[in-house]
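Report on the structure given below.
The values are calculated or read from the model by the stated rules, or taken from the named source; none is laboratory data. These numbers were taken from a predicted model, which means no experiment stands behind them. Glycine also receives a Cβ, built like all others from the backbone with ideal geometry; neighbour counts cover every protein chain displayed. Only protein heavy atoms, including side chains, enter the accessible area calculation; ligands, DNA and RNA are left aside. Shrake-Rupley method; radii C 1.70, N 1.55, O 1.52, S 1.80 Å.
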Amino acid sequence: PNRYQLISGERRLQASRRIGLKAIPAYVRTADDQQMLEMALIENIQRENLNAIEVALSYQRLISECNLKQEELGDRVGKNRTTVNNYIRLLKLPDVIQAALRDNRISMGHARAIINIENAAQQLAIFNKIISEELSVRKVEEAVRDLANANLIGSAKKETSIKQEVKSLQFRLQAYFGAKVTVKADEKGKKHAYFDLADF
């Protein structure tokens, strides 16, 4: 007799056996190991009780183990590329925030707001505030916007300060050596002086 391997539908099969069914409708497909893994993972994603982190991990497995691009994955699971990307980005959050999302202590909306902060320490600070003050998603989005604006202002002030230091140093060196000097700051703010050898 022909023998078949169940790829997906384990819960439906068990339920059918429990109610005494002797036959069930099924699709018979030829699939290699990778196709079987892909079908099993997609079947798992269709479950209604998966939390956001479980969905994200399944998406990540489909991309890494089944060599799917985000657009292809979106087509397979009936989601657009942005939605798939939003889930996968959750896996970049600190473990404690992922655990809170998995345990329903915060919502997907909370996590999506937090992920827009690049600094992990600031992410954790916002997370702790969500837990201690029971902030709504809207309040978290406002806090993230305020933080982003503060970071932008701080960055602009730092850049202005470095420019002023560079100009001052350049003026002092030119006065000391009596020659043209160019001073530049690298990305870390470290300053480098360049002399015009024709002046020596």
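Table for the structure above
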read-out	value
Pair list, Cβ < 6 Å and 6+ apart or interchain, from segment 104-117 residues that are within 15 Å of residue 88 (Cβ to Cβ) to residues that are surrounded by fewer than 17 Cβ atoms within 10 Å (Cβ to Cβ) and not aromatic (Phe, Trp, Tyr)	115/89
Residue 50, sole failed condition from (1) at pLDDT 80 or above; (2) open to solvent by 50 Å² or more (accessible area, probe 1.4 Å); (3) not in a helix (DSSP H, G or I); (4) not polar (S, T, N, Q)	(2)
Some residue of segment 170-182 being open to solvent by 100 Å² or more (accessible area, probe 1.4 Å), under 30 Å from residue 54 (Cα atoms), at pLDDT 70 or above and part of a loop (DSSP other than H, G, I, E, B)	no
Filter result for residue 38 (farther than 30 Å from residue 130 by Cβ, free of Cβ contacts under 8 Å to residues at least 12 places away in the same chain and not in a loop (DSSP other than H, G, I, E, B))	no
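Here is a yes/no grid of residues against (1) at pLDDT 85 or above; (2) in contact with a strand residue (DSSP E or B) (Cβ under 9 Å, 6 or more places away or on another chain); (3) of a type in the set (A, V, I, L, M, F, W, C); (4) open to solvent by 80 Å² or more (accessible area, probe 1.4 Å):
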| position | (1), (2), (3), (4) |
| --- | --- |
| 12 | no, no, no, yes |
| 17 | yes, no, no, yes |
| 21 | yes, no, yes, yes |
| 31 | no, no, yes, no |
| 39 | no, no, yes, no |
| 44 | no, no, no, no |
| 67 | no, no, no, yes |
| 76 | no, no, no, yes |
| 96 | yes, no, yes, no |
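One line per residue, one yes/no per condition, for (1) over 30 Å from residue 37 (Cα atoms); (2) open to solvent by less than 70 Å² (accessible area, probe 1.4 Å); (3) not in a loop (DSSP other than H, G, I, E, B):
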site	(1), (2), (3)
57	no, no, yes
73	no, yes, yes
85	no, yes, yes
99	no, yes, yes
117	yes, yes, no
127	yes, yes, yes
131	yes, yes, yes
